[in-house]
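One structure is given below, encoded as structure tokens.
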Amino acid sequence: MNDRSRKLLGFFPTPVVELKRLSKYFGGYKIFMKRDDQSGLAFGGNKTRKLEYLLGDAISKGCDTIITAGALQSNHCRQSAAAAAITGLDCHLVLGGERPEKCNGNLLLDHLLGATIHWAGKDRKGETIPDIFQQLESEGKFPYIIPYGGSNSIGASAFVEASGELEQQIKDVATIIFACSSGGTHAGLEVGKRFVKQRHDLIGIAVDKEESAPLEEQIAELAGLTSSYLGLDYKFKTKDIILNRNYLGEGYGILGDREKEAISLCAKLEGVLLDPTYTAKAMGGLIDMVTSGKIRKEDPILFWHTGGAPALFSCSGILLK
Ligand SMILES: *Cc1c(COP(=O)(O)O)cnc(C)c1O
């Protein structure tokens, strides 16, 4: 693989643990968890890996400011703000929605971490970033744009490396399940799977309806770009990508019964905190696939915990009902 600039921001490798009580609860499955929620960067999460390479790139290009975007409770934005704090860069966040009355969860942390926040109304995927970029340039800044979710070939390349990290920790996993949104994690894991010559199924659980091209197409394209960025020559087709849309529930960020059950089981049986938007949907999917017999008992499952628990503190009222 090619050399890339990397700024160390987290604690790696993240642990792999066996969820023994949860496995037993479902009648003898073997369920493991990759704890990227423990990546160490201001409450951690999967974006820490991507940001190590994105910030590395920004710094090597002499930039002094990062701009990125996300939803009001974006974990990506919170980790970006922390990454900027560590490296001494300014951070501008473009958040969907209007300034809320209560500043809690990730939004509270964005403020504490010193980010400047721009409210973007309906545009929660960074549509207005170019305007802010121009504004900052006209003020004499050198801004660096981190795309929505940190999902370009630089960000996704971190998950190629993560596949190697996992390979050192556990062998013979049959299925890896994780929450999929902007697709960078999925794309990186697809490239990584080939790089470490593994055969597991990678099942992304969709958490959001896509507005443009089908997400499988975007992931296959990004996997191809990531592969060439790393000097590898793997090709990916849309049909290579497994994305499960059965667990969208009531929509992005909405806690339904399935999500609540997943949060509750992981908390009470394992002391593991899931987040309401991503991992609760993905674990809800895992539970359904296990209880409906779609996954065989003898096939070890790994759940990639991508983080996000700070958002729990924005929905305490809903979770206690
Ligand atoms: C961003 C995020 C994801 C999705 O990762 P993508 O690379 O954007 O698909 C999953 N879980 C959590 C907690 C996240 O913050």
Which residue out of H92, H76 is of a type outside the set (K, R) and out of contact with any Lys or Arg (no Cβ under 8 Å at 6 or more places or on another chain)?
H92
So if I check each of L302, L274, which one is within 27 Å of A174 (Cβ to Cβ) and touching a Cys at 6+ places or on another chain (Cβ under 6 Å)?
L274
Criterion first (within 11 Å of the ligand (Cβ to nearest atom), hydroxyl-bearing (S, T, Y) and in contact with a helix residue (DSSP H, G or I) (Cβ under 9 Å, 6 or more places away or on another chain)) does S157 satisfy it?
no
Name, by its number, the condition in (1) away from the ligand (no atom under 13 Å from the Cβ); (2) assigned to a loop (DSSP other than H, G, I, E, B); (3) buried (at least 22 other Cβ atoms within 10 Å of the Cβ) that does not hold for P276.
(1)
Test: residue in the range 166-182 that is in contact (Cβ under 8 Å) with a residue 40 or more places away in the chain, out of contact with any Gly (no Cβ under 6 Å at 6 or more places or on another chain) and farther than 25 Å from M289 by Cβ
yes
Scan the range 6-17 and report the pairs whose first residue is surrounded by 15 or more Cβ atoms within 10 Å (Cβ to Cβ) and whose second residue is assigned to a loop (DSSP other than H, G, I, E, B) and of a type in the set (A, V, I, L, M), with Cβ atoms within less than 6 Å and a gap of 6+ or a chain change.
L9/L41; G10/L41; V16/I170
For the range 23-40, how many residues meet the condition of being crowded, with 23+ Cβ neighbours inside 10 Å and more than 11 Å from E270 (Cβ to Cβ)?
4
If K294 meets every condition in (1) part of a loop (DSSP other than H, G, I, E, B); (2) over 21 Å from K47 (Cβ atoms); (3) in contact (Cβ under 8 Å) with a residue 12 or more places away in the chain apart from one, which number is that one?
(3)
All conditions in (1) more than 13 Å from the ligand (Cβ to nearest atom); (2) at pLDDT 95 or above are true of H186 except (1)
Would you confirm, using the coordinates I've provided, whether G10 is over 22 Å from E270 (Cα atoms), modelled with pLDDT of 95 or more, out of contact with any strand residue (DSSP E or B) (no Cβ under 8 Å at 6 or more places or on another chain) and within 16 Å of the ligand (Cβ to nearest atom)?
yes
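Do we find a residue being aliphatic (A, V, I, L, M) and away from the ligand (no atom under 16 Å from the Cβ) anywhere in the range 90-105?
Looking through the range 90-105, none of the residues is aliphatic (A, V, I, L, M) and away from the ligand (no atom under 16 Å from the Cβ).
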When (1) within 15 Å of the ligand (Cβ to nearest atom); (2) surrounded by fewer than 23 Cβ atoms within 10 Å (Cβ to Cβ); (3) among the basic types (K, R) are applied to K281, the one that fails is (2)
Taking the criterion of being crowded, with 21+ Cβ neighbours inside 10 Å, under 19 Å from P15 (Cβ atoms), within 16 Å of the ligand (Cβ to nearest atom) and under 18 Å from the mean Cα position of the chain (by Cα), would at least one residue in the range 189-209 satisfy it?
yes
Among the candidates L51, L22, L55, L41, single out the residue that is within 16 Å of the ligand (Cβ to nearest atom), aliphatic (A, V, I, L, M) and farther than 14 Å from L113 by Cα.
L51
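The values are calculated or read from the model by the stated rules, or taken from the named source; none is laboratory data. No experiment lies behind these values; they were computed from the predicted model shown. Heads up, the Cβs are rebuilt from the backbone with ideal geometry, glycines too, and the neighbour counts pull from every protein chain shown.
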